[in-house]
Amino acid sequence: MSKSTVRQSRILVVDDEPFVCDSIQMLLTFDGHAVKTANNAAKALEIFDPSKFDLLITDYAMPGMQGTELAKAIRQIAPGLPVILVTAYAEMLDSWQADLSEIDCVVSKPFRLEDLRQAVLRAPTRVATD
């Protein structure tokens, strides 16, 4: 898929590993997306404004609040906001009985750029509720 076929979005990326945040930001910015990052869920909730983001990409395993809990909190503020969960534990989520009800797509780490592009492209378009 070429760079020009990817829908441009305003994306919040949350991961407790700064290198992961920086890498995702670099890759998605290259595709024309506007990307902000946060290294924990508390910071993400602090900077989140539903009028400024079209998509949330979050890690699952983070100190303080898991990505699924962050997704639930963000969706209380912005119902319908698409959420992509990026995790090294994708195969274990079922056995952990993780609540994925607020997750639109799971991308396994390590991922290829094309896998992330496809997830962003397939993310549902948020319907404005204001």
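The values are calculated or read from the model by the stated rules, or taken from the named source; none is laboratory data. Worth saying up front: this structure is predicted, and the values here are computed from it rather than measured. Cβ atoms come from the backbone with ideal geometry, glycine included; neighbour counts cover every protein chain shown.
Here's a check for you: in segment 79-100, which residue that is more than 20 Å from Ile24 (Cβ to Cβ) and at pLDDT 90 or above is surrounded by the fewest Cβ atoms within 10 Å (Cβ to Cβ)? So, considering only residues that are more than 20 Å from Ile24 (Cβ to Cβ) and at pLDDT 90 or above, the one surrounded by the fewest Cβ atoms within 10 Å (Cβ to Cβ) is Pro79. Determine, yes or no, whether Ala119 is crowded, with 18+ Cβ neighbours inside 10 Å, modelled with pLDDT under 95 and touching a Pro at 6+ places or on another chain (Cβ under 8 Å). Criteria not met by Ala119.
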